[in-house]
Structures are given as structure tokens and as C-alpha cells.
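Below is one structure; the comments refer to it alone.
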């Protein structure tokens, strides 16, 4: 399961989301796809469900989707914004 972690505050700016963690003193900007992932994991979900939803919404192959989403999630996990179990 993928879920949000910590005290991250977020605000949509056009197609992007800007995030801030007062606890960690970090700022993160997300493009349209990253913003959509952040919205989707507002409710914890498994990776397969996340991939399927993104493939329905964006023109991306299953292999590219999984690869790119995993890179994004690893980066978010490194910043303490999400956890995966």
C-alpha cells in the first residue's frame, strides 16, 4: 500500500502542486502527473491500482508507467512524503 506520510501541506498551482513540510523544512514541486499521483494517494492504494488509474488518464504504456511511477515514489519516499508497505 502506498500512503501519504508526515505533515506535508500542498497547494495546486495550475496543473502543478507545490508541497511543503514544516517538520522537515523541505519544499517539493510536482508536475501534472506527480500532482495527480499525490491526489490519488490521498486514499491509500496499492501500486497496481495506481498504475491502472494513471494509464487510463494519461497516454502511457504499462511498462513506462510502472517505471516512471516507481522512480517518483522512491523520490517521495526519500523525502518522507510517502510510505509503502
When restricted to 17, 28, 37, the only residue in contact with a strand residue (DSSP E or B) (Cβ under 9 Å, 6 or more places away or on another chain), outside any strand (DSSP E or B) and either farther than 17 Å from residue 1 by Cα or at pLDDT 95 or above (or both) is 37
Checking 16, 77 in turn, the sole residue that is on the phi < 0 side of the Ramachandran plot and either under 10 Å from the mean Cα position of the chain (by Cα) or surrounded by fewer than 13 Cβ atoms within 10 Å (Cβ to Cβ) (or both) turns out to be 77
When (1) surrounded by fewer than 17 Cβ atoms within 10 Å (Cβ to Cβ); (2) at pLDDT 95 or above; (3) not in a loop (DSSP other than H, G, I, E, B) are applied to residue 50, the one that fails is (1)
Taking the condition assigned to a strand (DSSP E or B) and either touching a residue at least 12 places away in the same chain (Cβ under 8 Å) or surrounded by fewer than 16 Cβ atoms within 10 Å (Cβ to Cβ) (or both), does residue 3 pass?
yes
Filter segment 19-37 for residues that are in contact (Cβ under 8 Å) with a residue 40 or more places away in the chain and within 14 Å of the chain's Cα centre (by Cα); the one that is surrounded by the most Cβ atoms within 10 Å (Cβ to Cβ) is 19
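Quick check on my filter: what residues within segment 58-81 are assigned to a helix (DSSP H, G or I) and either closer than 21 Å to residue 18 by Cα or at pLDDT below 95 (or both)?
Step one: filter segment 58-81 for residues assigned to a helix (DSSP H, G or I), giving 62-78.
Residues satisfying the conditions are 68, 69, 70, 71, 72, 73, 74, 75, 76, 77, 78.
The values are calculated or read from the model by the stated rules, or taken from the named source; none is laboratory data. Just so it is clear, the model here is predicted, and its values are computed rather than measured. Methodologically, a virtual Cβ is constructed for each residue, glycine included, from the backbone with ideal geometry; neighbour enumeration extends over all protein chains shown.
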